Amino acid sequence: QVQLVESGGGSVQPGGSLRLSCAASGRFVSMEAMGWYRQAPGKQRELVAEITSGASVMYADSVKGRFTLSRDNAKNTVYLQMNSLKPEDTAVYYCNVRVGVVGRLEIYEYWGQGTQVTVSS
């Protein structure tokens, strides 16, 4: 089982910045990927940014150049620095991890509880 602790959501004016963090703990032997998804009201959940075990980072086109994803391997923590925020960035942001566990070949996926980000004037 893996536990995810998210922090850093909140309300900000357009053009502002927020930093989200997600710390993973529990029984796993490998961290295959860590990242953030978001879901706005009435819309499907979408990938925001993800970093793989090989340190390859993928961003949604809508956030490229504004958001930066980084990872602290020693702390099993991923950070999403969000700059130049826009009202359309308003959503619940969910941490997502995919891990390998002891004695199993499968990769397991876990989600955080979600943190609200609101961008409004």
Filter the stretch 94-109 down to the residues that are within 20 Å of VAL5 (Cβ to Cβ) and free of Cβ contacts under 8 Å to residues at least 40 places away in the same chain and list them by number. GLU109
May I ask you to list the residues in the stretch 45-93 that are more than 13 Å from the chain's Cα centre (by Cα) and among the basic types (Lys, Arg)? LYS64, ARG66, LYS75, LYS86
What residue, among those in the stretch 69-118 that are modelled with pLDDT under 95 and part of a loop (DSSP other than H, G, I, E, B), is most open to solvent (accessible area, probe 1.4 Å)? LEU105
Any residue in the stretch 22-34 that's of a type in the set (D, E, K, R): show its pairings with residues that are part of a strand (DSSP E or B) and surrounded by 15 or more Cβ atoms within 10 Å (Cβ to Cβ) at Cβ separation under 6 Å, as long as the two are six or more apart or on different chains. GLU32/ARG98
Mind checking which pairs have a first residue in the stretch 51-62 that is touching a residue at least 24 places away in the same chain (Cβ under 8 Å) and a second that is charged (D, E, K, R), Cβ under 7 Å, 6 or more apart or different chains? ILE51/ARG71
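Go over the candidates ALA49, ALA40, ALA55 one by one and state the one that is at negative phi, open to solvent by 10 Å² or more (accessible area, probe 1.4 Å) and either at pLDDT 95 or above or of a type in the set (A, V, I, L, M, F, W, C) (or both).
Values: ALA49 fails: open to solvent by 10 Å² or more (accessible area, probe 1.4 Å); ALA55 fails: at negative phi.
Only one candidate qualifies: ALA40.
The values are calculated or read from the model by the stated rules, or taken from the named source; none is laboratory data. Fair warning: this is a prediction, and the values are worked out from it, not measured in the lab. Here Cβ is always computed from backbone atoms with ideal geometry, including for glycine, and neighbour counts include all displayed protein chains. Side chains are part of the model used for accessible areas, which takes the heavy atoms of the whole protein and leaves out ligands, DNA and RNA. Shrake-Rupley method; radii C 1.70, N 1.55, O 1.52, S 1.80 Å.
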